[in-house]
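Read-outs: derived from the displayed coordinates by stated rules, not from any lab. Because the structure is predicted, anything quoted here is derived from the model rather than measured. Because the Cβ atoms are built from the backbone with ideal geometry, glycine has one as well, and the counts that use them run over all protein chains shown.
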Amino acid sequence: MVDPDCLFCKIVKGEVPAEIVREGDRTVAFRDINPQAPTHVLVVPRDHLPDAATAAATDTGVLDAVVREAHEVALAEGVADTGYRLVFNTGAGAGQTVFHLHGHLLGGRGLNWPPG
Ligand code: AMP
Ligand code: ZN
């Protein structure tokens, strides 16, 4: 359930440093290294799953855990009331660059729709 070559597995294991904001039984949340909003936190499962499509197909409840944890982070960051966006880039064609499932929690500024 861990890919030794995966960057986010290494962050989960503490082998690569990150600014961790919240840890759950199944998830770890840490600040994006290249933030696109005042709040930009990535929520990842501890288990290695390449993307949201794989998680949906295997139906382990991991997506539920990620979304619930993202909401807890939004509350803690003070963006739950003003609104936040939760993004799962899924596949290279959608801009996914790290193939360990992660939800981007974005908030703290106006967010245009549709996104680019
Ligand atoms: P995605 O393009 O959806 O795969 O998002 C990957 C995200 O991971 C990007 O927003 C990157 O800025 C972020 N990222 C890459 N390396 C790190 C790192 N070492 N620590 C925190 N965030 C990272
Ligand atoms: Zn991984």
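Tabulated data
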read-out	value
Test: residue in the range 69-82 that is in contact with an Asp or Glu (Cβ under 8 Å, 6 or more places away or on another chain) and closer than 22 Å to residue 22 by Cβ	no
Cβ-Cβ under 6 Å pairs, at least 6 apart or on other chains, the range 94-107 side in contact (Cβ under 8 Å) with a residue 12 or more places away in the chain and in a loop (DSSP other than H, G, I, E, B), far side surrounded by fewer than 23 Cβ atoms within 10 Å (Cβ to Cβ) and acidic (Asp, Glu)	101/51
Matching entry among 75, 63, 86 (being among the aliphatic types (A, V, I, L, M), under 27 Å from residue 109 (Cα atoms) and more than 16 Å from ligand 1 (Cβ to nearest atom))	75
Selection within the range 63-105 - surrounded by 17 or more Cβ atoms within 10 Å (Cβ to Cβ) and under 20 Å from residue 13 (Cβ atoms)	65, 66, 69, 99, 100, 101, 102, 103
